[in-house]
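Working notes, structure below.
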């Protein structure tokens, strides 16, 4: 294993303006001691998650909302993934330091789109969660003041000052299977989870009337079939009612003060989620290192509703094979 080494705290290439403005973010990251004690990727990975034997003892309810930053609105920009991951980072900083630091969503969004579209002349077509993580690991994160959330800055390359400030930081991310128990495990370890699901903006009235509970749509609805996936941040769960608490980026007036209660069953229908895509989590915001641990994957024992999903998937595959066999010999 290669040891993790840290870059010097100061650099002659950093402009004075950048140095002064990143001070608060640097202080927040420095206060988070959890990333400073690992000497290898192996010891790093083994300290993050609950042991397999303890999965059955996970709490029945988890709610991380008290440590979350204020709800944001992405307005008419396709920044749901950037907003979800920025919120995850802001949570980690606040949880471990007590300080709220607002990160630039447009900085994260632009870099993810460059990776997605393989050009610096990007269009606002959204970005995959995987490439949002790749961009954050490669380019870092910076405070909102460096590249504000202004529609006039959408699809424009952030300023040199923004990149200079962001390069001092990176993230440690993990990938988990799209399983109820995997998401519960991360949340029980106080780590929010980013997922993507098909959620109609127009159902706001219905969500509000239901007290924040998200209704499960008809997956055969033509409008649903053409709907793109929307990234949200899971910040809690309730096993008794079988729902996740999801943080959205459609403003405080949407759902239950910007949140909604997402049924476990919603995530079992492959037509409503990005299956077989993964869910993702950020575990640490760190000072940039010479060597970063690779993205880790988590294997967990299944939760009862995960078995329902697996059986439904197998039935669909069997039906598809049978249909193909019949048509082949017609």
If Rh is defined by the Kirkwood formula over all Cα pairs and Rg also comes from Cα, what ratio Rg/Rh do you get for segment 173-270? 0.94
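In which sequence would 76, 92 go, from the one with the fewest C-beta neighbours within 10 Å to the one with the most?
Fewest to most other Cβ atoms nearby, the residues stand as 76, 92.
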Taking 67, 147 and counting other beta carbon atoms within 10 angstrom, the fewest-first order is 67, 147
I'd like the projected area of segment 83-178, averaged over all directions, using the convex hull of its alpha carbons. Report it in nm² with one decimal. 6.5
Using r as the Cβ-Cβ distance of residue 209 and residue 288, and R0 as 56 Å, what FRET efficiency do you calculate, to the nearest 0.05? 0.75
Sorted by Cβ neighbour density within 10 Å, fewest at the top, the residues 128, 185, 97, 119: 119, 97, 128, 185
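Every read-out reported here was derived from the displayed coordinates using simple, explicitly stated rules and does not represent laboratory data. Since this is a predicted model, take the numbers as computed values, not measurements. Glycine also receives a Cβ, built like all others from the backbone with ideal geometry; neighbour counts cover every protein chain displayed.
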